[in-house]
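What follows is a short report on a single structure.
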Amino acid sequence: MTMSVPERKSGSEGKEEESEDESEILEESPCGRWQKRKEQVSQGNVPGVESASLAMDTEEGVEVVWNEVLFSDKKVFKAQEEKIKEMFENLMQVEHPNIVKFHKYWLDMKESQARVIFITEYMSSGSLKQFLKKTKKNHKTMNVKAWKRWCTQILSALSYLHSCDPPIIHGNLTCDTIFIQHNGLIKIGSVWHRLFVNVFPDASVHSKGRQHRDEQRNLHFFAPEYGAGEDDYSIDIFSFGICALEMAVLEIQANGDTAVSKEAIVNAGQSLEDPLMREFTQSCLRHDPKFRPTAHDLLFHRVLFEVHSLKLLAAHCLINNQYLLPENCVEEKTKSFDPNAVMAEIKHDDRLGVQLKYSHVSPLELDKFLEDVKNGIYPLMNFASARPHPVPRALSLSQEQVETVKTPTPEPQETETRKVVQMHCNLESNEEGTKTHLSLFLKMDDKLHRQLSCDIFPTDSPKDLASELVHYAFINEEDSEKVAGFLEDAISRHRVRALASGSTQ
């Protein structure tokens, strides 16, 4: 006997329809690369941001966040247009593996209102707050190693921001604006929060969202002196201290929906069993901002500081010079090694030495470790403070100061921010030796590669040739020097080899 079951749309089919509805494309960027969807996302409240929607990067095939700032008064928008452009151009220069990436922005003028649209990296795994809640719900405790790794990554990002010249103050660091990826990578979001407060007056920006500063549940993240005067790095250190404490205890208890009390913070700190962790968090939460340590100093605190292993130092060296090495060099190299060969040995006079063989190292584990280092999970910070990162003044000026600074009026120029991760150069001389054909291949970090070729002659200067090719390659300034040096060296070595083999080249 058979029985027919009536169709139901309330189950999986209903969910599928809802999913298709959310993935509907509502709008497209002028260049066609970014496609806005219906689904709304939360990536940390920012003053003035009317909405944040999920979008698709059609070139990379990844999801991003489409943010919008609406101006109901077009006259106010026109008066601030140059300031807005300058601020967004500067935001695109902030780059760190533990900071949410700012991709692109553009302005949209309509009859009724004006919009600023900007694209940011999408943190699909959710916020640190969500992760801590799930961990507590499953009756688990925080792993100390994970806590240390997270603290190091957050401090690495803060140290970068505070070492900029002039310093960039985050001003909105909470467990809601820190995001964690599935691989353990931590990223700070909402870096533009304080800049938006300075550039967008509340009266001129149409916004329905409440700022985090006004939300009772997050008031305890803000330093006592917040908003009372000129902010400096110490307000971020206080916020970090609360984040570090919440990461350790999973949640600082509040009474109902009210703000977390000072007593609750003190009790949470006292509950830490490790005296070094207790001292670490307490130093960040000192009432007087003058006595709070810097982010760089905290990286040297006894609870976090450790001597970097030779393995980690070597991995950073490999990643930083990856453009000089052929693709899949690690995989190819490990294949040629004898598993029983000794790669290192520690000798002792009074006892047996220790031998390290290639068989002790798993190529798969090594590849994963290199990928983690490249992504920023294991930053190198236990060294002297790096030189300040130059950042235009607009990134750290208050609203009053910005008004006194003359801003340039030309349209912002497109600047190249992508990095060269690998380069190859091939030189082939003709039979007569009268000219050489040069091919340069540049592998970019966004997987959109570049290839240039030209004929060079014996009278051409290697230095001039390298400079000209780099000019046409249109790459960022830092990589230009590396590629020019690489090309000059390659051309010179080719000519030496050609002379040695008897060629007229």
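Kindly indicate whether any position in the range 258-278 is under 25 Å from Leu380 (Cβ atoms), under 25 Å from the mean Cα position of the chain (by Cα) and either open to solvent by less than 50 Å² (accessible area, probe 1.4 Å) or touching a residue at least 12 places away in the same chain (Cβ under 8 Å) (or both).
Among the residues of the range 258-278, not one is under 25 Å from Leu380 (Cβ atoms), under 25 Å from the mean Cα position of the chain (by Cα) and either open to solvent by less than 50 Å² (accessible area, probe 1.4 Å) or touching a residue at least 12 places away in the same chain (Cβ under 8 Å) (or both), which makes the answer no.
Which condition from (1) modelled with pLDDT of 85 or more; (2) in a loop (DSSP other than H, G, I, E, B); (3) open to solvent by 40 Å² or more (accessible area, probe 1.4 Å); (4) not small (Gly, Ala, Ser) is the one that Glu111 breaks?
(1)
Name every residue in the range 422-457 that is aliphatic (A, V, I, L, M), within 30 Å of the chain's Cα centre (by Cα) and modelled with pLDDT of 80 or more, in order of residue number.
Passing the criteria: Met423, Leu440, Leu442.
Please go through the range 158-170 and pick out each residue that is surrounded by fewer than 23 Cβ atoms within 10 Å (Cβ to Cβ) and assigned to a loop (DSSP other than H, G, I, E, B).
Ser163, Pro166, Pro167
Please count how many residues of the range 344-379 are in contact with a strand residue (DSSP E or B) (Cβ under 6 Å, 6 or more places away or on another chain) and surrounded by 13 or more Cβ atoms within 10 Å (Cβ to Cβ).
Here the count works out to 2.
Would you be able to tell me the number of residues in the range 216-231 that are among the charged types (D, E, K, R) and under 13 Å from Asp288 (Cβ atoms)?
Total satisfying the criteria: 1.
Can you tell me which residue within the range 298-343, out of those that are modelled with pLDDT under 75 and of a type in the set (S, T, N, Q), is least open to solvent (accessible area, probe 1.4 Å)?
It comes out as Thr334.
Can you pull out every residue in the range 90-108 that is farther than 14 Å from Ser29 by Cβ and surrounded by fewer than 16 Cβ atoms within 10 Å (Cβ to Cβ)?
Gln93, Glu95
In the range 28-44, what residues are at pLDDT 90 or above and of a type in the set (Asp, Glu)?
Glu28
Please verify whether the range 176-187 includes one or more residues that are surrounded by fewer than 22 Cβ atoms within 10 Å (Cβ to Cβ) and either in the same structural domain as Asn90 (by the TED database) or over 15 Å from the mean Cα position of the chain (by Cα) (or both).
Looking through the range 176-187, at least one residue is surrounded by fewer than 22 Cβ atoms within 10 Å (Cβ to Cβ) and either in the same structural domain as Asn90 (by the TED database) or over 15 Å from the mean Cα position of the chain (by Cα) (or both).
With the requirement that a residue be of a type outside the set (A, V, I, L, M) and closer than 14 Å to Asp236 by Cβ, what does the range 287-309 give you?
Pro289, Arg292, Pro293, Thr294, His296, Asp297
Please indicate, with yes or no, whether at least one residue in the range 251-263 is more than 30 Å from Val361 (Cα to Cα), part of a loop (DSSP other than H, G, I, E, B) and at pLDDT 90 or above.
no
Can you name the condition, by its number, that Asn172 falls short on among (1) touching a helix residue (DSSP H, G or I) at 6+ places or on another chain (Cβ under 7 Å); (2) within 20 Å of Val69 (Cα to Cα); (3) not assigned by the TED database to the domain that holds Ile252?
Among (1) touching a helix residue (DSSP H, G or I) at 6+ places or on another chain (Cβ under 7 Å); (2) within 20 Å of Val69 (Cα to Cα); (3) not assigned by the TED database to the domain that holds Ile252, Asn172 violates only (3).
Do you know which residues across the range 264-288 are outside any helix (DSSP H, G or I) and more than 15 Å from Met142 (Cα to Cα)?
Leu285, Arg286, His287, Asp288
Of everything in the range 45-92 that's under 30 Å from Leu219 (Cα atoms) and within 17 Å of the chain's Cα centre (by Cα), which residue is modelled with the lowest pLDDT?
Filtering first and then ranking leaves Asn90.
The values are calculated or read from the model by the stated rules, or taken from the named source; none is laboratory data. Bear in mind that the values here come from a model prediction, so they are computed numbers and not experimental data. Note that each Cβ is placed from the backbone with ideal geometry, even for glycine, and that neighbours are counted across all protein chains shown. For the accessible areas, the whole protein counts, side chains as well, though only heavy atoms, and no ligand, DNA or RNA atoms are used. Shrake-Rupley method; radii C 1.70, N 1.55, O 1.52, S 1.80 Å.
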